[in-house]
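Read the structure below first, then the notes.
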Amino acid sequence: MKRNLLNAVVLGALALPGFAMAADAVAEHTVTSNVALVSNYLYRGISQTGAAPAIQGGFDYAHVSGLYAGAWGSSISWLTDSPGVTGATSAQLELDTYFGYKGAVSDVAYDVGFLRYNYPATYVATLPAGSAKADTNEIYGAATYSIVTAKVSYALGDLFGVSKAKGSTYFELNAAYPVADTGVTVSGHYGMQKFKGASADALKAAASDPTYSDYKLSVAKDFSGYALGLAYSGTNANKVQYTSGTNKFLGKNTAVLSLSRSF
């Protein structure tokens, strides 16, 4: 159902007559879409699906000026699996919306923007002390030189269920090397999630520090628009904080298979 709805939104956007004519006439506007199947949805090294598969997809709009906007969604289970929650929540979808601007200065490309993580749900649950709904707002900035990209994301308030976490940051360093004439790209990633605020301090004092770092090594092969990927990811995340209500450690070292398609 989620995939059909996403496809309908994408096709509807592409079908707008004025939009398509403008894109064809002056090439000022570009709309692309994507869909993927993954064996495990990892975000910043933490499983969002309890190590189960996920279906994902989204669409992006870009203007020749550098402005862009988009939406992306994935099936999830981490909210319904969270320990310490009394009652229930129907949150089984992550829907992200974002906008920003891309440009370049000399040989350095940059990207700045705003991203909101939405977790639409009916909440009849009682959240643990110091917790909040998972909806999160971040601003971000990235700089790319050659094959290396450095990026920092800055939380504007509650962060993935940790309340009053303004000023928390996620720093990441990424490198992607395309192997000439093969369609193969080899990538590496390192990230560090730091939490700030009274709620994060209380978790740390209770031996449940949410701050951690993660890494990922991956390889992907393009097959006429389809990309088959294999990645290996690991973290040093706190097992108390990142173990689900079903006793699965969500930050464990793991391999992930993916198959994606861009249109």
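The numbers here are math on the coordinates, done by the rules we state, and not lab data. The model shown is predicted, which means the values in this text are computed figures rather than measured ones. Neighbour counts run over all protein chains shown; Cβ positions are idealised from the backbone, glycine included.
Take S65 and decide whether it is among the polar types (S, T, N, Q) and either surrounded by fewer than 20 Cβ atoms within 10 Å (Cβ to Cβ) or on the phi > 0 side of the Ramachandran plot (or both).
Considered against the rule, which asks whether it is among the polar types (S, T, N, Q) and either surrounded by fewer than 20 Cβ atoms within 10 Å (Cβ to Cβ) or on the phi > 0 side of the Ramachandran plot (or both), S65 comes out as yes.
I need every pair where a residue in the range 44-66 that is in a loop (DSSP other than H, G, I, E, B) has its Cβ under 8 Å from the Cβ of a residue that is surrounded by fewer than 19 Cβ atoms within 10 Å (Cβ to Cβ) and among the hydrophobic types (A, V, I, L, M, F, W, C), sequence separation at least 6 or different chains.
P53/L37; V64/A27
Does G141 count as of a type outside the set (S, T, N, Q), in contact with a Phe, Trp or Tyr (Cβ under 9 Å, 6 or more places away or on another chain), in contact (Cβ under 8 Å) with a residue 24 or more places away in the chain and within 21 Å of S106 (Cα to Cα)?
Answer is yes for this residue.
Examine the range 146-160 for a residue that is in a strand (DSSP E or B), in contact with a helix residue (DSSP H, G or I) (Cβ under 9 Å, 6 or more places away or on another chain) and closer than 27 Å to L217 by Cα, and state whether such a residue exists.
yes
From the list S199, S187, S218, which one is crowded, with 17+ Cβ neighbours inside 10 Å, of a type in the set (S, T, Y) and either touching a Pro at 6+ places or on another chain (Cβ under 6 Å) or assigned to a helix (DSSP H, G or I) (or both)?
S199
Name the residue that is farthest from W78 (Cα to Cα), counting only residues in the range 143-163 that are of a type in the set (G, A, S) and either in contact with a Gly (Cβ under 9 Å, 6 or more places away or on another chain) or surrounded by fewer than 18 Cβ atoms within 10 Å (Cβ to Cβ) (or both).
Of everything passing the filter in the range 143-163, S146 is farthest from W78 (Cα to Cα).
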